[in-house]
Amino acid sequence: MIRRACLLPLCLAAAAAQAGGHFDVDDAGTLDPGQCQYELWGQRFRQTQTTIWHLGPACRIGPFEVGLNIDRFSVAGAHSHVVGPQVKWTFLGQAPDARWSAAMSVSVGVQRPRHADGRTGGQFVVPVSWRATDSLTVHANLGTDWAPGTGARTDRGGLAGEWALNSSVSLIAERNRAFGFWTSRVGARYSITPLISIDVSTARVNPGGVRVVTVGLNHEFGR
């Protein structure tokens, strides 16, 4: 029952399994050498009464950012998990002041308890970021998802704008398509310190008009 009732949030959880917070459209940046981070966020789907929790620790190892995604979702008292590693590599524009940057991100997700088909899910994404001005950055994503459990393959793509009001507050708006669903999201990121930030957003998923509210915490630190 949970597999059918949670199909939509399961797909969204897999789609959001990226470094850099809960937003669906990823940026092309990676952690600096010697740095680690963890991100923790929770999502609530109002109409389906579904909750998702995500924990994602990651560290820079050589030229790669290597992480682990742990997603737990629940509905009507039943629970399931998707767990798997992720590797991200910025191959263009690694300098902090680069106008253009691009990366490749690969992740794997295993559903627990296992779906009847027992297939491993995954994601391949190419994020591209363009620093249009000192305060405005545009992100674009193009890639493919394989749903955990069924292994069904779907294309994904999205576009986002991130506008820094000042050194502490940024506004983010995005439009993303994954697993056959379109998501429109608006939110904000507040930096408590240069290494700690809080994300808040609201989103609408179509078809169906399902509304989602998300709150997240991101913490970067040296190892």
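Which one is surrounded by the fewest Cβ atoms within 10 Å (Cβ to Cβ) among residues in the stretch 79-93 that are touching a residue at least 24 places away in the same chain (Cβ under 8 Å) and not hydrophobic (A, V, I, L, M, F, W, C)? Steps first, answer last, please.
Residues of the stretch 79-93 touching a residue at least 24 places away in the same chain (Cβ under 8 Å): 79-84, 86, 88-90, 92-93.
Cutting the leftovers down to not hydrophobic (A, V, I, L, M, F, W, C) gives us 79-81, 84, 86, 88, 90, 93.
Working: His79: 13, Ser80: 21, His81: 17, Gly84: 21, Gln86: 21, Lys88: 25, Thr90: 22, Gly93: 19.
It comes out as His79.
Go over the candidates Gly222, Gly151, Gly187, Gly158 one by one and state the one that is of a type in the set (Gly, Ala, Ser), out of contact with any helix residue (DSSP H, G or I) (no Cβ under 8 Å at 6 or more places or on another chain) and under 14 Å from Asp26 (Cβ atoms).
Just one listed residue meets the conditions, Gly158.
Among Ser201, Ser170, Ser184, which is the only one that is surrounded by 13 or more Cβ atoms within 10 Å (Cβ to Cβ), touching a residue at least 60 places away in the same chain (Cβ under 8 Å) and hydroxyl-bearing (Ser, Thr, Tyr)?
Ser201
Considering each of Asp97, Asp32, Asp27 in turn, give the residue that is touching a His at 6+ places or on another chain (Cβ under 6 Å), within 23 Å of Thr193 (Cβ to Cβ) and modelled with pLDDT of 80 or more.
Of Asp97, Asp32, Asp27, the one residue that is touching a His at 6+ places or on another chain (Cβ under 6 Å), within 23 Å of Thr193 (Cβ to Cβ) and modelled with pLDDT of 80 or more is Asp27.
Which of the residues spanning the stretch 116-161 are without any contact (Cβ under 8 Å) to a residue 60 or more places away in the chain, more than 16 Å from Gln86 (Cα to Cα) and assigned to a strand (DSSP E or B)?
Arg119, Trp130, Arg131, Leu136, Val138, Leu142, Arg153, Thr154, Asp155, Gly157, Gly161
Out of (1) of a type in the set (Val, Ile, Thr); (2) at pLDDT below 90; (3) farther than 22 Å from Thr51 by Cβ; (4) under 17 Å from the mean Cα position of the chain (by Cα), the odd one out for Thr120 is which?
So the condition that Thr120 fails would be (4).
Mind listing whichever residues of the stretch 204-223 are out of contact with any Leu (no Cβ under 9 Å at 6 or more places or on another chain) and surrounded by 15 or more Cβ atoms within 10 Å (Cβ to Cβ)?
Thr214, Val215
Is it the case that the stretch 187-195 has a residue that's within 23 Å of Tyr38 (Cα to Cα), of a type in the set (A, V, I, L, M), surrounded by 13 or more Cβ atoms within 10 Å (Cβ to Cβ) and modelled with pLDDT of 95 or more? Don't jump to the end; show me each part of the working.
Here is the first cut: in the stretch 187-195, the residues within 23 Å of Tyr38 (Cα to Cα) are 187-195.
Checking the rest, the ones that are also of a type in the set (A, V, I, L, M) come to 188, 192, 195.
Remaining after also requiring surrounded by 13 or more Cβ atoms within 10 Å (Cβ to Cβ): 188, 195.
Next cut, modelled with pLDDT of 95 or more only: 188, 195.
Checked against the condition, which is being within 23 Å of Tyr38 (Cα to Cα), of a type in the set (A, V, I, L, M), surrounded by 13 or more Cβ atoms within 10 Å (Cβ to Cβ) and modelled with pLDDT of 95 or more, the stretch 187-195 yields at least one hit.
Might you check whether a residue that is at negative phi, of a type in the set (A, V, I, L, M, F, W, C), surrounded by 20 or more Cβ atoms within 10 Å (Cβ to Cβ) and in contact with a Gly (Cβ under 7 Å, 6 or more places away or on another chain) occurs anywhere in the stretch 113-124?
no
The values are calculated or read from the model by the stated rules, or taken from the named source; none is laboratory data. Remember, predicted model here, so these are calculated numbers, not experimental data. Cβ: placed from backbone, ideal geometry, glycine included. Neighbour counts: every protein chain shown.
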